[in-house]
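Peer 1: Pasting a structure here, questions to come.
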Amino acid sequence: MDNGALNQTTKYAVYLDNGADGKAAKYDVESINVNPGYDATYLVNSFAVLQFNSNGQVTYQNSIAPWLGPTMWDELVYVRYSLQDVDALKWNAPKYASDWLNGGYNCGDLSKTYSANVNDMTCTDKLVAADDSSECPVPYGVVLGIYDGSIMLVGPYTLTAVKDGDNLCGSHDQFSYYSTLVQYHAYIHSVTGRE
């Protein structure tokens, strides 16, 4: 996407795994609805609804977590899922890291976007090794919340801020920020007609 304009000539697909048997299914994306509030300059509202398998017999349901700030959770877990072989639909083992109450970080120090949206984002300094041979660590893909034994999807990775420069690979002084999905619930419902 460039300034919210989606490349319509690119064919997109979604790969899903039930998490139990390591087998993935591929679905061609039928439609993409980019959030009308997307801002390419500040990476605000960098979220889109992808629809696929609309005529399928299988339905998927995930719980989108309510968000009352990081103190409501027993634990936040940052998770990275990645495909090892796209053609064979084989997944790498998930990688994860726990964090507690934003780790006590001062997340607003490096990001004005976070400072302006503190109730809609969380952050961590946790990074994970990339799946290729690169020595450059990368952010996790999503953050999950654990509360009273339940696991819920909090939101996806959104942006990274680096202190004193822009070298993601050379700096260990950086925060990764994650947007909460609950703020987009009305938007998702308006596109899909589903809760």
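Peer 1: Only residues that are under 18 Å from Tyr12 (Cβ atoms) and open to solvent by 40 Å² or more (accessible area, probe 1.4 Å): list them for the stretch 39-52, please.
Peer 2: Once the filter is applied, which keeps residues that are under 18 Å from Tyr12 (Cβ atoms) and open to solvent by 40 Å² or more (accessible area, probe 1.4 Å), the stretch 39-52 yields Ser46, Leu50, Gln51, Phe52.
Peer 1: Of the residues that make up the stretch 82-91, is at least one within 25 Å of Lys163 (Cβ to Cβ), modelled with pLDDT of 70 or more and either in contact with a strand residue (DSSP E or B) (Cβ under 8 Å, 6 or more places away or on another chain) or surrounded by 13 or more Cβ atoms within 10 Å (Cβ to Cβ) (or both)?
Peer 2: no
Peer 1: Give me the residue from the stretch 115-149 that is open to solvent by 60 Å² or more (accessible area, probe 1.4 Å) and in contact (Cβ under 8 Å) with a residue 60 or more places away in the chain and, out of that set, nearest to Thr41 (Cα to Cα).
Peer 2: Tyr147
Peer 1: What's the number of the only condition in (1) over 15 Å from the mean Cα position of the chain (by Cα); (2) surrounded by 13 or more Cβ atoms within 10 Å (Cβ to Cβ); (3) at pLDDT below 85; (4) not charged (D, E, K, R) that Asn33 fails to meet?
Peer 2: Status for Asn33: all satisfied but (3).
The values are calculated or read from the model by the stated rules, or taken from the named source; none is laboratory data. As the structure is a prediction and not an experimental result, all values here were calculated from the model. With ideal geometry, Cβ positions are generated from the backbone for all residues, glycine too; neighbour counts draw on all protein chains shown. Calculation scope for accessible area: heavy atoms of the full protein, side chains included, ligands and nucleic acids excluded. Shrake-Rupley method; radii C 1.70, N 1.55, O 1.52, S 1.80 Å.
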